[in-house]
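Visitor: Following this message is one structure expressed as structure tokens.
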Amino acid sequence: MTLVRGFKTWCENTAIGLRREQGLAEIDALDPNALAAHLQVDVWSADQVPNVDGPTLDVLLREDPSSWSALTVHVGERCVIITNPAHSGGRPASDLMHELAHLILGHEAARVDVSEDGHLLHTFDRSQEDEANWLSGCLLLPRAALMHARDLGWSRSQIASQYGVSEAMVQYRLNVSAADTQLLRRRRWSERRN
């Protein structure tokens, strides 16, 4: 994954800025549904989408629910994110935050399909997916929150529970943010000084 220089810092700052806009501290959990409302984006579960027939829902939610996570459609002037209610745990938060990241970043779809009922379905290119992955991770678990949680001695499980994400997301963010490495260096430096 190659991201433009400064993009990662921008993402961390954006995650903190969006928290402040909602009256949250930089280490507070950011509810993806609250962020969607703040950004004036509607969120529908697939089983709430008007005019979707039973057989289509059966395929999407029962026969092959792992084939999709969430998608963004434009219904007139409105932006709507449709989520997969078959997913559980921390995955729905990641799925929704990923779609919101595309919107925050102002990504233009690499491909747009029109559904039978006239809704526009967007597909993004690899670099845009990488950017949305990075920003969504920062929105869910900014580095400041990870550092704070690890400073308190929280486990991956405790962090996941506090922030409503999966343990896999916690491990990913710990790895890419180097939070544990920085804390270890800080502790070693502190021990040398004492």
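Visitor: Hey, can you grab everything whose amide H is under 5 Å from the amide H of W44? Only 5+ residues off in sequence or another chain; H modelled, so Pro and N-termini drop out.
Guide: So W44 has HN proximity to I81, I82, T83.
Visitor: Looking at the chain, identify the longest residue range that excludes and avoids all GluC sites (Glu not before Pro) in DSSP loops having at most 12 other Cβ atoms within 10 Å.
Guide: 117-194
Visitor: How far is helix 167-177 tilted, in degrees, relative to the longest principal axis of the Cα atoms in the chain, given as a value from 0 to 90 rounded to the nearest 10?
Guide: 60 degrees
Visitor: Using a probe radius of 1.4 Å on heavy atoms only, what accessible surface per residue do you get for the chain? Whole Å² is fine.
Guide: That works out to 56 Å² for each residue.
Visitor: Show the residues, 5+ positions off or on another chain, whose built amide H is closer than 5 Å to the amide H of V75.
Guide: Amide H to amide H, under 5 Å and 5 or more residues apart or across chains, V75 pairs with V80.
Visitor: How would T56, T72, T83, T9 line up by accessible area, probe 1.4 Å, largest first?
Guide: Putting T56, T72, T83, T9 in descending order of accessible area: T9, T56, T83, T72.
Visitor: If N is the number of residues in region 45-104, what value comes out of its Cα radius of gyration divided by 2.2 N^0.38 Å?
Guide: 1.13
Visitor: Let me ask you something else. Over all distinct Cα pairs, what is the inverse of the mean 1/r for the chain, reported as the Kirkwood hydrodynamic radius in Å?
Guide: It works out to 18.0 Å.
Visitor: Can I ask one more? Would you kindly find the accessible area of S66, with a 1.4 Å probe and non-protein molecules such as ligands, DNA and RNA excluded, rounding to the nearest 10 Å²?
Guide: Counting only protein heavy atoms, S66 exposes about 90 Å² to solvent.
Visitor: Sticking with this one: Which value, in debye to the nearest 20, gives the size of the charge dipole of region 1-110 about its Cα centre, when Lys and Arg are +1 and Asp and Glu are -1 at the Cβ?
Guide: 400 debye
Visitor: Dipole of the chain (Lys/Arg Cβ +1, Asp/Glu Cβ -1, origin at the Cα centre): which of A37, A101, L140 lies farthest to the positive side?
Guide: Of the candidates, L140 comes out farthest on the positive side.
Visitor: Here is a further query. Mind computing the radius of gyration and Dmax over the alpha-carbon atoms of region 7-87? Å is fine for both.
Guide: 15.9, 45
Visitor: For the chain, with all protein chains present and a 1.4 Å probe, just round the carbon and sulfur fraction of the accessible area to a whole percent.
Guide: Carbon-and-sulfur percentage of accessible area, whole number: 48.
Visitor: While we're on this one: Is it possible to state the helix-based mean residue ellipticity at 222 nm for the chain, with each DSSP H run of 4+ residues giving -39500 (n - 2.57), the sum divided by total residues, to the nearest 500 deg cm²/dmol? What is it?
Guide: That comes out to -15500 deg cm²/dmol.
The values are calculated or read from the model by the stated rules, or taken from the named source; none is laboratory data. Keep in mind that what you see is a predicted model, and the values were worked out from it rather than measured. Glycine also receives a Cβ, built like all others from the backbone with ideal geometry; neighbour counts cover every protein chain displayed. Accessible surface is based on the protein model in full, side chains and every heavy atom, while ligands, DNA and RNA are left aside. Shrake-Rupley method; radii C 1.70, N 1.55, O 1.52, S 1.80 Å.
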